[in-house]
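Worksheet: one structure, shown below.
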Protein chains: 2
Amino acid sequence: MTTTRPDAAPAAGTRDRLLDAAAELFYREGVGVGVEALCRAAGVSKRSMYQLFESKDEVFAAALDRSAAAYRAALIPAADVGETPRARILHVFEALEAQAASPGYRGCPFVAAAVEVKSPEHPASVVARRHKDALTGFFQAELERAGAADPVTLARRLTIVFDGASARAVVQGAPLDGLAVTTATALLSHGGV
Amino acid sequence: MTTTRPDAAPAAGTRDRLLDAAAELFYREGVGVGVEALCRAAGVSKRSMYQLFESKDEVFAAALDRSAAAYRAALIPAADVGETPRARILHVFEALEAQAASPGYRGCPFVAAAVEVKSPEHPASVVARRHKDALTGFFQAELERAGAADPVTLARRLTIVFDGASARAVVQGAPLDGLAVTTATALLSHGGV
């Protein structure tokens, strides 16, 4: 007869299943999602959740972090020596336009997290900041490669356009119709790239 | 002896007190604020709240709408014939920088509302969209006065910068250090304004 000890560790895969369900649910419904609903969606017991994480806040932060790789892959082009920095930067804005036109779009998950938790010290804000900084870092590296005069400032401006365009798609509940790409293009041209 | 009938209408001023408290509390803590906490903060009974509004969602939308006049006054300059359209537009970004540097800053309240409620049909999203469109309308009117080639597009771009800069202040938990003003300036220069 197989017995399970009350303090047995959750089965392998439980953590990933919980985080994938959490990322999807928090993105769709916001930080207010309860622990019950979260565990139900993930098919994970509350006991397992609390063996793996100290709190719902920690689950939110870990879920956001785990979702970042796929999000980044959807935005940032693969290494390609044949592409100009300008084209690689605009690829991000074209990808944003495509995302913003999809019915389930709820804005940048990192900005949404930071806006919802209301504190820059919340674990989800810390994760959000790191991943937003990574996007700015991508822009900056490409701008340096392009020989831009002030790659740090221009990279921050491009991130502002990214987040403002994504906010616009949420507020309007409508696609961007090229506005993200043309605004980024205007700033690149103004910056000599 | 004074008696109060169970269906007596809430006293004059109750609505405004409820909405002012709601605007402040929702902005600080998010849409997840409960009815109990809301009524406690406003010093209003739940019975009064439900006599005035059908639901918490309706309170949220009405609070956002009531707060819009003060928010607009803090951003948009008073009519002044001596100021150029460019200066009047940049005034908005200077005001944003000042707001973003204050400790209680949690981003644009309209974007936050739309991001938090997750639906463009939510009453709060409808209010948010109307007030964001009013900001874009202000930019557009000034750009038309300046003779800009494409005032509609440039006004939308400036709103994107406004919202992206405000998102940056939230994500970074830090002031903008001129980034909103200089990004708006870059787009105005690129647009010939």
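Residue count for region A:17-42 satisfying the condition of being open to solvent by less than 50 Å² (accessible area, probe 1.4 Å), small (Gly, Ala, Ser) and outside any helix (DSSP H, G or I): 2. When you scan region B:135-150, how many residues do you find that are of a type outside the set (S, T, N, Q), in contact with a helix residue (DSSP H, G or I) (Cβ under 7 Å, 6 or more places away or on another chain) and in contact (Cβ under 8 Å) with a residue 12 or more places away in the chain? Within region B:135-150, residues that are of a type outside the set (S, T, N, Q), in contact with a helix residue (DSSP H, G or I) (Cβ under 7 Å, 6 or more places away or on another chain) and in contact (Cβ under 8 Å) with a residue 12 or more places away in the chain number 7.
Of the residues that make up region B:102-111, is at least one within 14 Å of chain A (Cβ to nearest Cβ), more than 23 Å from B:Asp133 (Cβ to Cβ), out of contact with any Lys or Arg (no Cβ under 6 Å at 6 or more places or on another chain) and in contact (Cβ under 8 Å) with a residue 24 or more places away in the chain? Yes, region B:102-111 has at least one match. The requirement of being more than 15 Å from the chain's Cα centre (by Cα) and of a type in the set (Ser, Thr, Tyr) is satisfied by A:Thr153. It is to be established whether one or more residues within region B:40-57 are more than 25 Å from B:Val117 (Cα to Cα) and in contact (Cβ under 8 Å) with a residue 60 or more places away in the chain. Within region B:40-57, none of the residues are more than 25 Å from B:Val117 (Cα to Cα) and in contact (Cβ under 8 Å) with a residue 60 or more places away in the chain. Looking across B:Pro85, B:Pro109, one residue alone is at pLDDT 95 or above and in contact with an Asp or Glu (Cβ under 7 Å, 6 or more places away or on another chain). It is B:Pro85. Scanning region A:163-183 for residues that are more than 7 Å from chain B (Cβ to nearest Cβ) and within 16 Å of B:Phe162 (Cβ to Cβ) yields A:Ser166, A:Ala169, A:Leu176, A:Ala180. Tell me, yes or no, whether region A:136-145 has at least one residue that is touching a Phe, Trp or Tyr at 6+ places or on another chain (Cβ under 6 Å) and more than 9 Å from every other protein chain (Cβ to nearest Cβ). No - not one qualifying residue is present in region A:136-145.
If I filter region B:4-16 for residues that are assigned to a helix (DSSP H, G or I), closer than 30 Å to A:Phe26 by Cα, open to solvent by less than 60 Å² (accessible area, probe 1.4 Å) and more than 14 Å from every other protein chain (Cβ to nearest Cβ), do I get at least one hit? No, every residue in region B:4-16 fails to be assigned to a helix (DSSP H, G or I), closer than 30 Å to A:Phe26 by Cα, open to solvent by less than 60 Å² (accessible area, probe 1.4 Å) and more than 14 Å from every other protein chain (Cβ to nearest Cβ). Only one entry of B:Arg72, B:Arg66 meets the criterion of being part of a helix (DSSP H, G or I), in contact with a helix residue (DSSP H, G or I) (Cβ under 8 Å, 6 or more places away or on another chain) and surrounded by fewer than 17 Cβ atoms within 10 Å (Cβ to Cβ), and that entry is B:Arg72. Selection over region A:84-101 of residues that are under 16 Å from A:Ala141 (Cβ atoms) and among the charged types (D, E, K, R) gives a count of 2.
The values are calculated or read from the model by the stated rules, or taken from the named source; none is laboratory data. Quick caveat, the model's predicted, so the values are computed rather than measured. Counting neighbours? That spans all protein chains shown, and the Cβs are built from the backbone with ideal geometry, glycine included. In case anyone asks, the SASA skips ligands and DNA or RNA and just uses the protein heavy atoms, side chains included. Shrake-Rupley method; radii C 1.70, N 1.55, O 1.52, S 1.80 Å.
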